[in-house]
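Below you'll find the structure, written out as structure tokens, and then a few comments.
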Amino acid sequence: MKVSRRGLYALQALIHLAEAYEAGLVAAQVREEKVEEVSQDLRDLEGLTPELIAKLAGGSIHTRDDLADLAVDELSEMTGMEGEQAKTLIIAARAHWFADEPAAQPAPAAAAQKEVR
């Protein structure tokens, strides 16, 4: 069977399209697997969208503490979000660090003076 040049180019184009489609499927599967590695506490953080979770997973951020450890510029670079939004998200991720701490109680001045004497 003889194939014209035009037919050959069309066949090559189809092969490239099929390869690109397959590569896209593989890339999507890899992204999905990375997102599945993200902890539930990070997924539950208010303000995170599925797209942001995927970007974080792509940057090896899998837990709330991983996110909390980031600097604002690192998060902005990783996700493309504005600095103020990144700052707000990092502060929200750090909130659980301070949730169990009791509020500081100042010592009464009179009691402190009696102990000194």
Selection from the stretch 55-99 of residues that are under 19 Å from Q40 (Cα atoms) and among the charged types (D, E, K, R): K55, R64, D65, D66, D69, R94
Helices (runs of 4 or more DSSP H) contained entirely in the stretch 1-86, each with at least 1 residues that are closer than 20 Å to W97 by Cα and at pLDDT below 90: 40-43
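The values are calculated or read from the model by the stated rules, or taken from the named source; none is laboratory data. Keep in mind the model is a prediction, meaning the values are calculated, not measured.
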